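The values are calculated or read from the model by the stated rules, or taken from the named source; none is laboratory data. All of these numbers come straight from a predicted model, not from anything done at the bench. Quick reminder, even Gly has a Cβ in these numbers, built from the backbone with ideal geometry, and neighbours come from all protein chains shown. The protein model used for the area step is the full one, side chains on, heavy atoms only, and it has no ligands, DNA or RNA in it. Shrake-Rupley method; radii C 1.70, N 1.55, O 1.52, S 1.80 Å.
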Amino acid sequence: MTARGRRGPEQLLADIRAAAVEELCLVGVGRLSMAGIAQRSSTARTSLYRRWSAPIDIVLDALEHDFPQETVSPGTDDLRGDLVRALVSLAEWTTTPTARAAAAILTERDRHPELAEALYTRVFDPKGGRFTRTVLTHYAEHGHIDPSLVNDVVVDIGEALVLKHLSDTGRVPTRAHLERIVDHAILPAVGRPPRGACPEDGSRHPVS
């Protein structure tokens, strides 16, 4: 028996998910097949069908498993830090195979709109919909920022600027660049001055 044959359940599942993502990136949505995933993961097709009904379901499963989830400081006392960490998670995720798989699905949205819809309903929306939305909503719900300022435009700012930088330069933004996005775009949009600045009345906000 080969080492691959001795895989435990968790390793087998991880191999199948990775194979499905790699297969999608190589052949596209239209040519994705159970046979291709089975061969790439060294798994019998019958084993795949016991858990998933279609190859795209394996890809979505992999995306659900690997897509990052924002977290908020336990004391809800580090808005800036939580926003930076959310954007760091996004930037790191853009380098992963699952990010490339998500991009492949969105690229074929016109031909497979149901898959793009599933990507949002099964993967993006359950994790907040946009990076920084979870953080901003949490702080608004706890009275640290004005809830009326947490709108669709504001929650798009961080993610949009990260993806624009990636598109313009072909490089993932550095942490320093992500901090500038937070300091000069997101925080002012929710009524916070850039880091180091003080409000005109000289008071200080309890959360920065």
Rounding to the nearest 20 debye, state how big the charge dipole of the chain is about its Cα centre with +1 on each Lys and Arg Cβ and -1 on each Asp and Glu Cβ.
940 debye
With only helices counted (DSSP H, runs n ≥ 4, each -39500 (n - 2.57)), the per-residue ellipticity at 222 nm for the chain, to the nearest 500, works out to -16500 deg cm²/dmol
Relative contact order (percent, whole number), the chain, Cα cutoff 8 Å, 6+ residue spacing:
20 percent
Determine the dipole magnitude for segment 114-176: charges of +1 sit on the beta-carbon of Lys and Arg, -1 on that of Asp and Glu, nothing else is charged, the reference point is the Cα centre, and the result goes in debye to the nearest 20.
340 debye
Within segment 87-103, list the residues whose amide N lies under 20 Å from a label point set 7 Å along Cα→Cβ of residue 51.
97-99, 101-102
In segment 98-127, whose amide N lies under 17 Å from the spot 7 Å out along Cα-to-Cβ of residue 156? List them in ranges.
120, 125
Accessible area (Å², per residue) of the chain, counting only protein heavy atoms and a probe of 1.4 Å
54 Å²
Got a sec? Charge dipole of segment 1-139, +1 on Cβ for Lys and Arg, -1 for Asp and Glu; which of 131, 55, 84 is way out at the positive end?
55
Which entry in (i) 27, 18, 16; (ii) 40, 17, 15; (iii) 39, 22, 15 is this structure's computed semi-axes √(5λ) of the Cα gyration tensor in Å?
(ii)
What is the distance in Å between the Cα centres of segment 14-34 and segment 102-117?
15 Å
Charge dipole of segment 137-186 about the Cα centre (unit charges at C-beta), most positive-ward option of 169, 145, 181:
169
Backbone N within segment 108-137 under 14 Å of label point (7 Å from residue 69 Cα along the Cβ vector)
123-129, 134-135
What distance in nm separates the two pseudo spin-label positions at residue 169 and residue 92, each 7 Å out from Cα along the beta-carbon direction?
1.9 nm
